[in-house]
Amino acid sequence: MMQWFSGLGFSLLVGGVFTWLFLRLLRSTLGEMPRLSHRGIPSWLTGGVERLFFTVLVGLEVPGAPAAMIGWLALKLATDWNHPDWKEKAAAREFAVSALLGGLVSMLFALIGGLICAGKLFSGV
């Protein structure tokens, strides 16, 4: 049970903070973010739910969980990439790519957290 608390805590807390810092640093080099015409779901909420879901899948050793993680990122990118804002505002594409990189970092923490839950990493915890 302690493995699950450790893995979920690592994924949700450490992963959330690290991903936020990574995106903040990366986006500081891109300049001002273009104003988009829509308000979406907050990225911290989406990222937290994604990390929770995929950490549990990896922790339960569900076959194909890593492929599902990459598929989910591809689906998110495809839906965002075709949004009119990305076509009309070229600078917005850079932020879409930064979102993809942030998603990869977030999924890395979900994977590591899931491996901790499954007892495959840091099994002495």
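If you go through segment 101-123 one residue at a time, do you hit one that is modelled with pLDDT under 80 and over 24 Å from L21 (Cα atoms)?
yes
Mind listing whichever residues of segment 58-73 are in a helix (DSSP H, G or I) and not aliphatic (A, V, I, L, M)?
If the condition is that a residue be in a helix (DSSP H, G or I) and not aliphatic (A, V, I, L, M), then G59, P66, G71, W72 are the ones that fit.
Among the candidates G31, G16, single out the residue that is in contact with a helix residue (DSSP H, G or I) (Cβ under 9 Å, 6 or more places away or on another chain) and either at pLDDT 90 or above or crowded, with 16+ Cβ neighbours inside 10 Å (or both).
Exactly one of G31, G16 is in contact with a helix residue (DSSP H, G or I) (Cβ under 9 Å, 6 or more places away or on another chain) and either at pLDDT 90 or above or crowded, with 16+ Cβ neighbours inside 10 Å (or both), namely G16.
Kindly evaluate R39 against the criterion of being modelled with pLDDT under 85 and in a loop (DSSP other than H, G, I, E, B).
Considered against the rule, which asks whether it is modelled with pLDDT under 85 and in a loop (DSSP other than H, G, I, E, B), R39 comes out as yes.
Given the conditions (1) surrounded by fewer than 17 Cβ atoms within 10 Å (Cβ to Cβ); (2) at pLDDT 75 or above; (3) part of a helix (DSSP H, G or I), report the number of the one that A91 does not fulfil.
Just one mismatch for A91, condition (2).
Which condition number does L73 fail, the rest of (1) over 15 Å from the mean Cα position of the chain (by Cα); (2) surrounded by 12 or more Cβ atoms within 10 Å (Cβ to Cβ); (3) at pLDDT below 95 being met?
(1)
Does F54 satisfy being modelled with pLDDT under 90, within 21 Å of M2 (Cβ to Cβ) and not small (G, A, S)?
No.
The values are calculated or read from the model by the stated rules, or taken from the named source; none is laboratory data. Fair warning: this is a prediction, and the values are worked out from it, not measured in the lab. So basically every Cβ, Gly included, is an ideal-geometry build from the backbone, and we count neighbours across all protein chains shown.
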